[in-house]
Amino acid sequence: SRPEWLLVPAAMGLAVLLEEILFRSLLIGGLSATVPLPVLIVGFAAIFGLMHSPQGALGVFMTGLMGLWLSLLFVWSGGLLLPLTAHYIINLLQLFKAQDKQAWLDSY
């Protein structure tokens, strides 16, 4: 429904914020002084992907790649704003795509 469309992106924003703070800022940023950066980036991208296992093998793989890319954005930019924005936009685009698919499914 329309009211839900206002609430879902807001709730998703909170989830994205928490994921970025945890994975990029606390884990990669916090451990980078003691663990080599490539190990952190690849390791936490894999964990990020595995956390999305309900989406199936393709979902784990694609989310892992996204985690890798977001981690690289974090390191390259030196902050959370760029990966946070990218993560939110990607998730928002997924919502729009899912809405299109749902409308198609409902038509049958």
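List of remarks:
Here is a yes/no grid of residues against (1) in contact with a His (Cβ under 7 Å, 6 or more places away or on another chain); (2) hydrophobic (A, V, I, L, M, F, W, C):
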position: GLU20; (1), (2): yes, no
position: LEU50; (1), (2): no, yes
position: PRO54; (1), (2): no, no
position: LEU72; (1), (2): no, yes
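- The set of residues from the stretch 1-56 being of a type in the set (Gly, Ala, Ser) and out of contact with any Gly (no Cβ under 8 Å at 6 or more places or on another chain) comprises SER1, ALA10, ALA11, GLY13, ALA15, SER25, GLY29, GLY30, SER32, ALA33, GLY43, GLY56.
- For the stretch 1-18, a tally of residues being of a type outside the set (A, V, I, L, M, F, W, C) and open to solvent by less than 40 Å² (accessible area, probe 1.4 Å) returns 2.
- Taking each residue of the stretch 38-49 that is without any contact (Cβ under 8 Å) to a residue 40 or more places away in the chain and under 11 Å from LEU72 (Cβ atoms) and looking for partners that are open to solvent by less than 10 Å² (accessible area, probe 1.4 Å) and part of a helix (DSSP H, G or I) with beta-carbon atoms closer than 7 Å, six or more apart or interchain, yields ILE41/ILE28; ILE41/SER71; ALA45/GLY67; ALA45/SER71.
- Residue that is farthest from LEU14 (Cα to Cα), among those in the stretch 57-74 that are in contact with a Gly (Cβ under 9 Å, 6 or more places away or on another chain) and among the hydrophobic types (A, V, I, L, M, F, W, C): PHE61
The values are calculated or read from the model by the stated rules, or taken from the named source; none is laboratory data. Note that this is a predicted model, so its numbers are computed, not measured. A quick note on method: Cβ atoms are made from the backbone with ideal geometry, for glycine too, and the neighbour counts reach across all protein chains shown. Each accessible area value is taken on the protein alone, full model and side chains, heavy atoms only, with ligands, DNA and RNA left out. Shrake-Rupley method; radii C 1.70, N 1.55, O 1.52, S 1.80 Å.
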